[in-house]
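Please treat every number below as a calculation from the coordinates, not as lab data. It should be emphasised that the depicted structure is a prediction, and the values quoted were computed from it without experimental measurement. Note: ideal-geometry Cβ built from the backbone for every residue, glycine included; neighbour counts use all protein chains shown.
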Amino acid sequence: MSSYNLKADRTFRINGSISIAGKIASFVQGMEIAMDANVLQRDSIGTGQSVFTQNGDVIGTFNFLLKNTTSLYDPASTPTLQETLSFWMKAIDNFDPAIISFIQTMNAPKGTGSKFARIRFDGRIMTPVVAMSVDDAIENATIAGEITTFTSALREAS
C-alpha cells in the first residue's frame, strides 16, 4: 500500500504557477477551481437508477486575482493576445466570451517521487474586473469564469 498525504509531498504556493493561454502569469493569487455537479439534472427511470443530463456546457467555475500590470493590456485597439484583459473584455463586448486554456501547477519541492501536480481545464472568462482601491499599492484584476472542459488533474514528473 502506498503512503498518502505525506508531509514531504505538501505543495507550496510560492513554487506553483498558472499558465493562461500558454503564458505563465506571474502575479496570480488565489486561484479557485470548483467542479460543480449542480449543472446536472437528475432524472429517474423506472428501475430507480438516476440518469444525469447536463444543462449547457458549464461544468464548474473558477476565479483568481491578478495584480494589474500594463502587460495585461494588448497594444492593438482590436486585441489579439488571448492572455490579456483587453482580449477578455473585447470578447465580452462582442457577446462571445473568450475560452482560454489554464494549467494550475502545484509543486512539492521536498516531495518523494514526482514533485508536480497539474490541473488542466478550459474556461470561459465571464467577469474581468479591474479594481482600483486606495488601500492597495498595486491595483487588482479579479477574474471569474466558467469551466467548459476539464482535461486532467495529474501528478507529473516535471
Exercise. Can you list the strands (runs of 3 or more DSSP E) found entirely within the range 67-158 that contain at least 3 residues being in contact with a helix residue (DSSP H, G or I) (Cβ under 9 Å, 6 or more places away or on another chain), of a type outside the set (G, A, S) and under 16 Å from V28 (Cα atoms)?
Worked result: 116-131
Exercise. Quick one: is K90 more than 30 Å from R155 (Cβ to Cβ), of a type in the set (K, R) and surrounded by 15 or more Cβ atoms within 10 Å (Cβ to Cβ)?
Worked result: yes
For this session: Please find, within the range 3-50, the residue that is farthest from the chain's Cα centre (by Cα) out of those that are part of a loop (DSSP other than H, G, I, E, B), surrounded by 12 or more Cβ atoms within 10 Å (Cβ to Cβ) and of a type outside the set (V, I, T).
Result: L6
Problem set entry | One residue from I24, I45, I59, I33 being free of Cβ contacts under 8 Å to residues at least 12 places away in the same chain, of a type in the set (A, V, I, L, M, F, W, C) and within 19 Å of I103 (Cβ to Cβ) | I24
